[in-house]
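The values are calculated or read from the model by the stated rules, or taken from the named source; none is laboratory data. Computed from a prediction, not measured in an experiment: that's the story for all the values here. Ideal geometry is used to build each Cβ from the backbone, glycine not excepted, and the neighbour counts take in all protein chains shown. Surface areas here come from the heavy atoms of the whole protein model, side chains and all, with no ligands, DNA or RNA. Shrake-Rupley method; radii C 1.70, N 1.55, O 1.52, S 1.80 Å.
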Amino acid sequence: NTSLMNKFKTIFGICVIVGTVIGSGIFISPKSVLANVGAVGPCLVIWAACGILSTLGALCYAELGTMIAKSGGEYPYLMEAFGPIPAYLFSWTSLLVIKPSSFAIICLSFAEYASAPFYPGCDPPVVVIKCLAAAAIVIITTVNSLSVKLGSYVQNFFTAAKMIIVIIIIVSGIVLLAQGKTENFKNSFNDAKISAGSIICYVLINISYFTIMTSTELLQSQAVAVTFGDRVLYPASWIVPLFVAFSTIGAANGTCFTAGRLVYVAGREGHMLKVLSYISVKRFTPAPAIIFYGAIAIIYIIPGDINTLINYFSFAVWIFYGLTVFALIVMRFTRKELKRPIKIPIVIPILVTIVSILLVFAPIISEPEWAYLYCVLFMLGGLIFYVLFIHFKFNWAQKISSKYMYYR
């Protein structure tokens, strides 16, 4: 009768949400966004547009979450709307692609910022970054496997650190703008490769970056926030890499906490090995699921770099973001009897679904790569396991794991 701890303090819930929403992207992605659009103006427009899209998506998930109050992320929504096969494919893809690659990206971001102060004027060695990232994964999975309370303390502390560094960067940028540091915003749409559209936070941080760095300098920076700190906060510039590292650790911890429970649900539903649904009767944590999740993330770190993993992750995740929001539209007509404490205008999920489709097909059309095909084939490969182990119920793997595994 052992079950997961299902009651947490409100502050922990807030810290998990803030910690995972404001992750490592705002410290890593500005360079990639600027490289693709070519100018400051469109760069800021894209950040604002992404913030609006995220807000609309959050509204869709708010309706789904209050309508179907079950654990497992998008899994129960897809199950209710489309049945077991799409739900299983989400579970399969999320467990082996989306969640571990996200965990790996965040920990690689942590490693870059943690190592940057020790290699001034040059990029840290790749092996150092990967080893630091792997160590972070091991520590975080250990903490979340040992104690929910310890994991919550870690989350609360690092989320507070995250908000401190965000405030430092934003306030510094405002002060510099007030002092007339606006030269980098002149002709901000020149050389743009496109036409000139949480939002305020991300845009203000990017504005702060551009008050002190030109487009060329930002593109050449290995760690954008560190370069900002060196120029604005010297001699206290060490604050920036330290607190950015804290920020990314907080994001990784929140991701591990939530994703570990998704693995647990998959094991409980019979979609993965039964051992992944085991719970410690002493600690009330899904330790086998969390350890499995950490191991897959380390595997992604070995051959991958941040940009490759971001492309791989984004392509896969937007397929299921779009499908989940589309499920909301479908259930407006097929599940009218469900209570909806929050009900948003149907135009919002329609818009988010259309944008999701564009985000899935845009990289394939503009820059086709074999990685996208491999990702699709890997996701569809889950159908083989569904047919064998779910439809035909070949349970030899479950019997083997049950025979040799007993976890306390």
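Points worth noting:
- Residue that is nearest to MET379 (Cα to Cα), among those in the stretch 304-336 that are of a type in the set (D, E, K, R), more than 16 Å from the chain's Cα centre (by Cα) and outside any helix (DSSP H, G or I): ARG335
- Flag if VAL138 is open to solvent by less than 30 Å² (accessible area, probe 1.4 Å), of a type in the set (Val, Ile, Thr) and in contact with a helix residue (DSSP H, G or I) (Cβ under 9 Å, 6 or more places away or on another chain): no
- Between LEU78, LEU4, LEU59, LEU44, the distinction of being more than 30 Å from ALA225 (Cα to Cα), among the hydrophobic types (A, V, I, L, M, F, W, C) and modelled with pLDDT under 85 belongs to LEU4 only.
- Cβ pairs under 8 Å, 6+ apart, first in the stretch 60-89 and of a type in the set (A, V, I, L, M, F, W, C), second open to solvent by less than 60 Å² (accessible area, probe 1.4 Å) and not in a helix (DSSP H, G or I): CYS60/ILE344; ALA62/ILE344; MET67/LEU338; MET67/ARG340; ILE68/LEU338; ALA81/ARG335
- Checking each residue of the stretch 151-158 against the condition of being in contact with a helix residue (DSSP H, G or I) (Cβ under 7 Å, 6 or more places away or on another chain) and either of a type in the set (A, V, I, L, M) or closer than 30 Å to ILE390 by Cα (or both) gives at least one match.
- Among residues of the stretch 175-225, those that are modelled with pLDDT under 65, open to solvent by 80 Å² or more (accessible area, probe 1.4 Å) and in a helix (DSSP H, G or I), counted: 1
- Pair list, Cβ under 7 Å, 6 or more apart: the stretch 362-386 residue closer than 19 Å to MET272 by Cα, other residue open to solvent by 40 Å² or more (accessible area, probe 1.4 Å) and part of a helix (DSSP H, G or I): TYR386/ILE85
- Note on the stretch 285-303: residues that are part of a loop (DSSP other than H, G, I, E, B), open to solvent by 10 Å² or more (accessible area, probe 1.4 Å) and of a type outside the set (A, V, I, L, M) total 1.
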